[in-house]
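Laboratory data are not the source of any read-out in this text; all were calculated from the coordinates shown. What you see is a predicted model; the values in this text were computed from it and never measured. Counting neighbours? That spans all protein chains shown, and the Cβs are built from the backbone with ideal geometry, glycine included.
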């Protein structure tokens with residue numbers, strides 16, 4: 001390991017120290033590449049490229065034998081080998097070695113040699129653990145850390161360790177707040193170049209990563225890798241609390257908050273907290289009124305993408321969710337899950353006031369308003385209020401005259417679905433409502449109630 005001459009504490013020398021530290025890993029790789037590069041560049045002692053530093057080949061050989069340092073006359077930096085010195089001098093002279101295939105230039109001949117393998121496809125360096133091959137020895141060295149778990153680069157601020165020096169540099173920006181990479185289209189800034197490249201594809205709409213199974217394309221390699229697990233069924237991320245597995249680390253992190261109760265995302269408008277950032281984003285549309293998802297069939301807008309998808313099935317008639325018990329199909333997964341409880345008898349939602357249980361959360365919410373007296377839904381025509389949105393929707397038809405439910409037998413229309421069902425009994429002759437006192441049958445429940453007053457002698461109307 002060489003040392004930097006620091007005869008003063010000026011700002012220039014301070015920058016030299018930083019640059020030197022960044023080159024530590026590169027030096028290790030250079031030692032490995034030295035023999036390979038010497039074969040390409042010939043006998044360095046006979047090259048004019050180091051003229052002005054050593055007066056003769058004999059002097060160079062003697063200094064190498066004595067293992068003494070070699071100073072750069074441009075900046076007084078010291079090096080242990082002539083090869084390292086030569087590579088460094090190229091930074092001052094601007095000398096470049098060009099690729100004969102694509103014309104790209106490199107300051108070091110060794111870098112050009114490595115670059116050539118992109119064109120030839122040559123991969124000389126193989127991992128002894130998994131057999132994966134690499135065109136560059138340094139890439140193999142970094143890859144091996146995935147097997148050994150080695151993380152040699154530590155953050156001086158928080159102590160977090162990294163397997164790649166570049167990852168450490170990017171991480172350090174989280175402490176400094178520095179975002180040196182700016183988008184030329186929208187001027188948004190990023191802490192690392194990869195994040196910038198991913199972002200720029202929003203503007204270019206480029207999706208360079210394609211799935212070999214279904215052809216879907218993605219703007220990020222990480223998104224492609226996650227997508228591929230749909231085909232493979234792989235779920236490599238396990239919850240340590242309940243053992244449930246997930247295809248994405250992000251989904252596991254969201255899931256674990258169910259166990260911890262953590263809700264780190266707070267709404268700045270109402271203070272409500274959420275376990276997922278995506279749920280907060282959707283919630284905030286309640287305050288902004290934003291409905292970014294439009295139906296291509298009718299133009300109706302929605303605040304939730306899932307709501308739009310379900311709505312579109314009204315136009316397409318698609319019902320992808322089928323009950324294995326009765327073969328009934330549903331357009332939405334929520335309605336499908338609610339229906340399955342008809343067969344299982346499950347009622348997981350209990351009222352905290354009367355302990356009555358319900359199969360659907362929406363029914364429990366409406367029921368609890370009986371206790372609270374809350375009626376949050378108001379008619380815009382007459383001001384009448386309702387505890388349930390569906391009741392308000394039915395009520396509004398008294399003002400609009402809308403009758404959306406038609407009889408397939410005679411064409412008669414009704415404002416309520418229940419009225420249509422009762423009407424259909426006139427065609428089928430079905431009388432599903434029976435009197436418990438005399439056994440007489442009726443086509444609808446209202447007629448049954450009227451009849452039962454014959455037995456009770458009830459006369460409610462004066």
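Structural remarks
- Taking 7 Å steps out from each Cα toward its Cβ at residue 437 and residue 397 produces label points 3.2 nm apart.
- Centroid-to-centroid separation of region 323-402 and region 184-239 [C-alpha atoms, Å]: 40 Å
- Full-extension gain in nm, residue 458 to residue 207, via 0.36 nm per residue minus C-alpha separation: 82.9 nm
- Extending 7 Å from Cα along the Cβ direction at residue 341 and again at residue 258 yields two label points whose distance is 1.6 nm.
- Potential lengthening between residue 123 and residue 184 on full extension [0.36 nm per residue; Cα-Cα distance subtracted]: 18.4 nm
- Tensor-based shape of region 123-238 (alpha-carbon gyration tensor, a/c under 1.5 rounded, otherwise prolate or oblate): oblate
- Full extension of the chain segment joining residue 197 with residue 424 gains 75.5 nm, where the gain is 0.36 nm per residue of separation less the Cα-Cα distance.
- For region 175-299, the square roots of the Cα gyration tensor eigenvalues, ordered a ≥ b ≥ c, give a/c below 1.5, which places it in the rounded category.
- Three-way shape label, region 332-433, alpha-carbon gyration tensor, a/c 1.5: oblate
- With kT/(6 pi eta Rh) evaluated at 4 °C and eta = 1.567 mPa s, and Rh the Kirkwood radius from Cα pairs, region 102-147 diffuses with a coefficient of 113 µm²/s according to Stokes-Einstein.
- Efficiency of FRET between residue 279 and residue 322 - r from beta-carbon atoms, R0 25 angstrom, step 0.05: 0.30
- Förster radius 51 Å - calculated FRET efficiency between residue 249 and residue 408, Cβ distance, rounded to 0.05: 0.45
- Computed FRET value (nearest 0.05) for residue 385 with residue 148, which takes r as the C-beta separation and R₀ as 56 Å: 0.25
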